[in-house]
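Just below is one structure, and these are the notes that go with it.
Since every read-out is calculated from the coordinates, none of them should be taken as a lab result. Keep in mind that what you see is a predicted model, and the values were worked out from it rather than measured. So basically every Cβ, Gly included, is an ideal-geometry build from the backbone, and we count neighbours across all protein chains shown.
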Amino acid sequence: MRAIKRTVDPALVRDAFAIAAAVGVIGLSFGAIAIASGLPAWAAIAMSVLVFAGGAQFMAVGVLSAGNPVAAVLAGLLLNARHLPFGMAVADAVGSGRAAQFIGSHLLVDEAVAFAMAESEPARRRAAYWLTGSMLFVLWQIGTVLGVLLGSAAGDPATLGLDAAFPAGLLALTLPSLRDRQTRHAALAGGAIAVVTTPFLPAGLPILLALLGLVLAVRPTRLKQPC
């Protein structure tokens with residue numbers, strides 16, 4: 001514990017808390033939207049505790065409310081498939097003990113991975129991962145509970161603008177990556193596929209098809225011509 005404290009600087013705590021606070025607001029949006037979609041309060045809170053995956057939770061609620069549980073499961077699996085390479089990338093930061101691996105794998109989210117990979121020293125990587133993951137988990141749960149309470153009181157989350165919190169948060173997180181032309185092309189293609197297919201396909205399937213936009217992010221290696 002003392003070793004971890006020595007590797008945590010105020011700047012890391014500040015940055016981790018800032019992103020965790022933003023994620024907490026998105027959690028508030030999730031709680032309100034889950035209640036408005038007909039999900040019981042206990043189910044919304046249990047999902048945040050046991051699943052702890054913002055994008056997958058929003059997708060599951062949306063697709064389940066449309067009556068397509070199969071698409072919800074498939075979309076969640078595809079969306080969280082990125083955790084496999086993430087886990088290998090930060091395995092040293094998670095730790096080697098069984099308890100550490102069990103808890104640490106549950107805290108495996110994009111932000112915790114990003115903070116850990118930004119550090120080069122093993123001790124600082126571990127401290128960044130656990131600090132960020134723990135803050136995100138706690139504030140996500142607080143946000144979900146507040147969202148459930150507000151959703152139950154307000155009825156329609158749109159009256160408070162809570163329905164816009166999640167897409168706004170995702171947009172803020174993805175804007176820096178859109179500077180890359182390949183990523184921008186993939187995002188535009190995926191969005192176009194989802195918009196075009198939404199009127200014709202069951203809820204959830206257009207999101208799955210939008211993943212085809214990732215094909216544009218893979219640039220084939222050009223073979224050098226012999227001189």
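Sum up the charges of everything whose Cβ sits under 11 Å from the Cβ of Tyr129, counting Lys and Arg as +1 and Asp and Glu as -1, but leave Tyr129 out.
Net of charged neighbours comes to 0.
Through the Karplus equation 6.51 cos²θ - 1.76 cosθ + 1.60, θ set to phi - 60°, convert the phi angles of segment 190-199 into ³J(HN,Hα) values in whole Hz; use x for Gly and Pro.
Couplings: x, x, 5, 4, 5, 5, 5, 8, 4, x Hz.
Using 0.36 nm per residue of separation minus the Cα-Cα distance, give me the extension gain between Leu201 and Ala118 in nm, one decimal.
25.8 nm
Using the C-alpha gyration tensor of segment 25-132, what are the square roots of 5 times its eigenvalues, in whole angstrom, with the largest one first?
Semi-axes, largest first: 30, 14, 12 Å.
Quick one: 3J(HN,Hα) in Hz for segment 30-41, Karplus 6.51/-1.76/1.60 with θ = phi - 60°, rounded, Gly and Pro as x.
Result, rounded to whole Hz: 4, x, 5, 5, 4, 5, 5, 7, x, 6, x, 4.
Net charge near Ala91, counting Lys/Arg +1 and Asp/Glu -1 over other residues with Cβ under 13 Å of its Cβ?
The answer is +1.
Using a simple spin-label model with points 7 Å from Cα along the Cα→Cβ vector, what separation in nm is obtained for Asp9 and Ala46?
So the label points at Asp9 and Ala46 sit 4.5 nm apart.
From the backbone phi of segment 121-135, what are the Karplus-calculated ³J(HN,Hα) couplings (6.51 cos²θ - 1.76 cosθ + 1.60, θ = phi - 60°) in whole Hz, Gly and Pro given as x?
Calculated HN-Hα couplings, in order: 7, x, 5, 6, 4, 5, 4, 5, 5, 6, 5, 5, x, 5, 4 Hz.
Take the Cα of Gln182, step 7 Å along the line toward its Cβ, and report every residue of segment 108-132 whose backbone nitrogen sits under 12 Å from that point.
Answer for this model: none.
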